[in-house]
Amino acid sequence: MSVSVDRVGPRPAGLSTAALPVGIAKLAAFVRRDVRITLSYRTSAVATVLGLLLQVLVLSWIGKLIRPSELPEFGGVHVSYMEFVTIGMAVNMMAAILLYQVATSLRNEQMIGTLESLLCTPTAVWTLQLGSAASSILAIPLRLGVFLGALALFFGMSYHLDGVLPSIVIIAAIVPCLWGIGLMLAAAIVTFRRGHGAMGVGTAALALSSGAFFPVGVLPGWIQSVANVNPLTIAIRGLRDALLGGTGWASVGTHIVELAPLSIVTVGLGTLAFRLALKRERRNGTLGTY
Amino acid sequence: MRKEAQTDAMAVRGLVRRFGETTVLDGVDLRVAPGEIHALLGPNGAGKTTLVRILAGLADPTEGDVETVGTVSLVPSGDRTMYLRISGLENLIFFARLHGMRLRDARARSLEMLDQVGLADAARVPVRNYSHGMQKRLSVARALLVEPAVLLVDEATHDLDPEGAIRIRKLVGDLAGGGMAVLWTTQRIEEIREFADTVTFLASGRVRFNGTVAELIHQAPDPRYVVRVRNGHPDRPPQAVALQRALGGVAQISQSLAGRDQFVLATSEDQPLGAAVVALSEAGYHVLACQREGAEIEDAFMALVTEEPR
């Protein structure tokens, strides 16, 4: 048996040999595309912001029922429920967007019919996957900044400004974890075509055990065990320490050390699952179909 | 293994593709020379799309060799292969950059291609506002971004009106005139006349015919014509029996359901139509009209579809 596919010939005119590596230039192309597509959905962006504001309003009223003494201390300081919950909301919002983008990027291209056109270009599937999530990742600090800034402005909440940089470091440290989980979900979605329901359950379970909306201490014991290895719990605790407790860089190292093994495990498993799913699709010739 | 195709822009040898127990392509051979428009014909399920997908690099063959000189580009059959929310220009810039072009080069090349396919005026219009034909031309423009040596066109005209289809064929014909090899997959079999140079006919995953369009037409069974015949007696139209007597062994004739003075005339290769018309005229009949029943290529298509695989 012989199998060979040879495409011989000169590279097309206009190909870049410039300083920017081609891979990064391709990621930039995805970002440009997604920014333009996002800007074409102005109403949707406004609706998202309004929905978030309504959620904050509801939580602010709930917060009036909860005394700060019932909440854990951060850096030896008692915080209000609003301060407590908005940090959790911010991290969960970031996680949900990232997981959704990573898990559904290829599926979305399948659904709108552009995946095969993308695969006709000399672009690796990994680049397509990373590229489709790139704009969301880059927008994370901006989204969090706008969200927390608006809360400070309209709800009078105060944060320790010296906790901003440590918070960014912790957020950067959680991205590989979420990426790995997203890859596992992406593998399931590429294989089974439909997986949004499972993804909803997954993200809800992560949020529930993350301590975003209530202290982990009130959860049943077995959920507390899950919460201890939930990367969101670690990140939320880190951001609360830095932004609310004013611990600065003191606890950042501890949180990164907690997140590192989780990143290794989730990225490893996610990469393996995604590779296997792609291999199966290529073998069956069904990657472009939905 | 790196192989140089000799004079062909694309050469396919012994291509096999199996899905489980099902063999979709079974030893397909195909060659396309530079500047040639090669039509790929076949009924639904013949394996055309699988072959095109393999040639475009979207699927792997189970066995066989594919050799191409230069880049291969695909014009897919689907409409929705572009991002509808952004402009045609932005779509092309995006795909050009995925081909490795710098932003400035990508923009210049995209504008050049939009101009070539007649979409320069619509460059900044969102693709969702493009007509079918415009989207198809944009698809061709995208395929041309990298100056391909081989252009794969998958059912480009199946959902276009005649004017749109002619425009696409003219565009592709001009590209072939410039030396590009074109593999043109279609179900509109009549469009390959005077457009394609060569044809491969695929059925059940096997090549049933490979040759020129003229040779394909030769595959058609003996032609049949619908003729209108009068005998000078308006109240007593001619009878098929009498006409057959006049024709002798030159052709076979039978009454048509289309009208009392219309008949179906079946000729053979050694007894052409002219001989039948002369025989009728000499017997005192007036042949008022004569039209071929069915199209030659369509007849050849049906003959090849129903032919037992060799």
Output the number of the condition that B:Arg31 fails; it satisfies all remaining conditions of (1) farther than 24 Å from B:Asp174 by Cα; (2) away from chain A (no Cβ under 13 Å); (3) in a strand (DSSP E or B).
(1)
Among the helices (runs of 4 or more DSSP H) contained in the range A:115-218, which hold 3 or more residues that are touching a helix residue (DSSP H, G or I) at 6+ places or on another chain (Cβ under 6 Å)?
A:125-155, A:164-192, A:196-208
Inter-residue pairs, beta-carbon under 7 Å, first in a helix (DSSP H, G or I) and in the range A:26-50, second among the charged types (D, E, K, R), 6+ apart:
A:Lys26/B:Arg97; A:Ala29/B:Arg97; A:Arg36/B:Glu90; A:Ile37/B:Arg85
Given the residues B:Leu98, B:Leu111, which is the only one that is more than 11 Å from chain A (Cβ to nearest Cβ) and not hydroxyl-bearing (Ser, Thr, Tyr)?
B:Leu111
Return the only residue of B:Val146, B:Val125, B:Val117 being in contact (Cβ under 8 Å) with a residue 60 or more places away in the chain and either within 20 Å of B:Ile166 (Cα to Cα) or within 14 Å of chain A (Cβ to nearest Cβ) (or both).
B:Val146
Please determine, by comparing only the residues of the range B:195-235 that are modelled with pLDDT of 80 or more and acidic (Asp, Glu), which one is farthest from B:Leu175 (Cα to Cα).
B:Glu215
Among the residues of the range A:249-281, how many are within 14 Å of chain B (Cβ to nearest Cβ), surrounded by fewer than 17 Cβ atoms within 10 Å (Cβ to Cβ) and touching a helix residue (DSSP H, G or I) at 6+ places or on another chain (Cβ under 9 Å)?
1
Being buried (at least 17 other Cβ atoms within 10 Å of the Cβ), within 27 Å of A:Ala250 (Cα to Cα), within 15 Å of the chain's Cα centre (by Cα) and not hydroxyl-bearing (Ser, Thr, Tyr), is that true of even one residue in the range A:182-205?
no
Which members of the range A:71-96 meet the condition of being of a type in the set (S, T, N, Q) and assigned to a helix (DSSP H, G or I)?
A:Thr86, A:Asn92
How many of the residues in the range A:229-284 are at pLDDT 85 or above and acidic (Asp, Glu)?
2
The range A:225-248, residues that are buried (at least 20 other Cβ atoms within 10 Å of the Cβ) and of a type in the set (S, T, N, Q)
A:Asn230, A:Thr233, A:Thr247
So, first residue in contact (Cβ under 8 Å) with a residue 60 or more places away in the chain and part of a loop (DSSP other than H, G, I, E, B) in the range A:245-261, second residue surrounded by 13 or more Cβ atoms within 10 Å (Cβ to Cβ) and hydrophobic (A, V, I, L, M, F, W, C), Cβ within less than 6 Å, six or more apart or across chains; the pairs are A:Gly245/A:Phe74; A:Gly245/A:Val77
In this structure, is B:Leu15 part of a strand (DSSP E or B), buried (at least 22 other Cβ atoms within 10 Å of the Cβ) and in the same structural domain as B:Lys136 (by TED's automatic domain parsing)?
yes
Just wondering, is there one or more residues in the range A:196-207 that are hydroxyl-bearing (Ser, Thr, Tyr) and either within 14 Å of chain B (Cβ to nearest Cβ) or without any contact (Cβ under 8 Å) to a residue 12 or more places away in the chain (or both)?
no
Only residues in the range B:226-248 that are buried (at least 18 other Cβ atoms within 10 Å of the Cβ) count as the first member; pair them with residues that are among the charged types (D, E, K, R), Cβ under 7 angstrom, at least 6 apart or cross-chain, and list the lot.
B:Val229/B:Asp261
Do you know which of the residues in the range B:36-80 that are in a strand (DSSP E or B) and closer than 24 Å to A:Gln110 by Cα is farthest from the other protein chains (Cβ to nearest Cβ)?
B:Val75
For residues that are free of Cβ contacts under 8 Å to residues at least 40 places away in the same chain and in a helix (DSSP H, G or I), tally how many sit in the range A:60-69.
5
Any residue in the range A:111-118 that is surrounded by fewer than 16 Cβ atoms within 10 Å (Cβ to Cβ), closer than 23 Å to B:Leu84 by Cβ, over 11 Å from the mean Cα position of the chain (by Cα) and within 14 Å of chain B (Cβ to nearest Cβ)?
yes
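The values are calculated or read from the model by the stated rules, or taken from the named source; none is laboratory data. Please read all numbers here as calculations on a predicted model, not as lab measurements. Backbone-built Cβ (ideal geometry, glycine too); neighbour counts: all protein chains shown.
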